[in-house]
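Everything on this sheet refers to the single structure shown next.
The values are calculated or read from the model by the stated rules, or taken from the named source; none is laboratory data. On a predicted model such as this, the values are computed, not experimentally measured, just so you know. Here the Cβ positions follow ideal geometry from the backbone for every residue, glycine too, while neighbour counts run over all protein chains shown.
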């Protein structure tokens, strides 16, 4: 098993919180009857990666001027975890976490899946963490001026994932075919769609995709996993590991 070592550069109170993403999203809770949780691809993707959050509330505002000077982004709360030195409508997060990987593994930092924040967007970056000795850089691009952006303590600002660019480049090939499907294919698609409509209309929300079933209820395939459970080692000396328990939807 490959390992990702994360070194805390400062005391716990001065570094970001690193844990697997939870499946819950506030906007999904607010859908009628929490209907959004019926979507299996959403639920699965929501837990994709380790989240980075902070133990204190963070607040900042941008005046709308894009330029190299940091004075256009004002930090209102959480100063020890934020800085605006980059300018250009960017707020950076001081994670206090150094990631170490093997040369064939990089760290992908990206927006938290299906978590939407008005007025800002996390940059997507890839860092070569086999030799990079500094804390993992994270930043948001502020997209809406003159609104106070509030990130409550414990709210993920980014998700991180290991990625092998070597593997991606050498072992995957995208093949685009111009061969058009035959009538039988479209008939199968229609029958599947009809079965979904009937079940949904009756309030019996179909789980055909989740269970890998066709319209007859026969198994046609299976997922790699139905629940992403990432391992975290708390200390290299003890080797103690755990999987973050998913909070239950009320």
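Matching residues to (1) more than 23 Å from the chain's Cα centre (by Cα); (2) outside any strand (DSSP E or B):
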{"site": "66", "(1), (2)": "yes, yes"}
{"site": "76", "(1), (2)": "yes, no"}
{"site": "93", "(1), (2)": "no, no"}
{"site": "98", "(1), (2)": "no, no"}
{"site": "104", "(1), (2)": "no, yes"}
{"site": "113", "(1), (2)": "no, yes"}
{"site": "118", "(1), (2)": "no, yes"}
{"site": "126", "(1), (2)": "no, no"}
{"site": "130", "(1), (2)": "no, yes"}
Which is outside any loop (DSSP other than H, G, I, E, B), assigned by TED's automatic domain parsing to the domain that holds residue 60 and free of Cβ contacts under 8 Å to residues at least 40 places away in the same chain, of 161, 168, 138? 168
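Conditions (1) closer than 17 Å to residue 111 by Cβ; (2) loosely packed, with under 13 Cβ neighbours inside 10 Å; (3) modelled with pLDDT under 95, marked per residue:
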position	(1), (2), (3)
15	no, no, no
21	yes, no, no
67	no, yes, yes
72	no, no, no
76	no, no, no
84	no, no, no
Taking the stretch 25-47 on its own, how many of its residues are buried (at least 17 other Cβ atoms within 10 Å of the Cβ) and in contact (Cβ under 8 Å) with a residue 24 or more places away in the chain? 6
Can residue 152 be described as under 25 Å from residue 14 (Cβ atoms), out of contact with any strand residue (DSSP E or B) (no Cβ under 8 Å at 6 or more places or on another chain) and exposed (fewer than 14 other Cβ atoms within 10 Å of the Cβ)? yes
